[in-house]
């Protein structure tokens, strides 16, 4: 059985690219500094509620957002 992993940072990077959203845009929306967005983009894990927030921001289903960062191992 193959294991499936989700790289949340990758999900975020891909969602940003697909929607032409800059780090500064996300920082402003979520009330954080751009450096925090960079940490999110490099993260492999993140609280579920934050992933839900990102999915909602990008107007996509939660599972679709996660699917962007999936990799088989």
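The values are calculated or read from the model by the stated rules, or taken from the named source; none is laboratory data. Here the structure is a predicted model, which means the values were calculated and not measured. Cβ coordinates were reconstructed from backbone atoms using ideal geometry, including for glycine residues, and neighbour counts include every protein chain displayed.
Applying the selection to segment 53-63, what residues are exposed (fewer than 13 other Cβ atoms within 10 Å of the Cβ) and within 24 Å of residue 3 (Cβ to Cβ)?
61, 63 - these are the residues of segment 53-63 that are exposed (fewer than 13 other Cβ atoms within 10 Å of the Cβ) and within 24 Å of residue 3 (Cβ to Cβ).
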| query | Can you pull out the residues in segment 1-17 that are in contact with a strand residue (DSSP E or B) (Cβ under 8 Å, 6 or more places away or on another chain) and more than 11 Å from residue 65 (Cα to Cα)? | reply | 2, 3, 4, 5
| query | In segment 21-45, what residues are under 10 Å from residue 8 (Cβ atoms) and either out of contact with any helix residue (DSSP H, G or I) (no Cβ under 7 Å at 6 or more places or on another chain) or buried (at least 17 other Cβ atoms within 10 Å of the Cβ) (or both)? | reply | 40
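To keep it simple, each residue is scored yes or no on (1) on the phi > 0 side of the Ramachandran plot; (2) at pLDDT 95 or above; (3) in a helix (DSSP H, G or I).
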{"site": "10", "(1), (2), (3)": "no, no, yes"}
{"site": "13", "(1), (2), (3)": "no, yes, yes"}
{"site": "21", "(1), (2), (3)": "no, yes, no"}
{"site": "24", "(1), (2), (3)": "no, yes, yes"}
{"site": "32", "(1), (2), (3)": "no, yes, no"}
{"site": "36", "(1), (2), (3)": "no, yes, yes"}
{"site": "44", "(1), (2), (3)": "no, no, no"}
{"site": "55", "(1), (2), (3)": "no, yes, yes"}
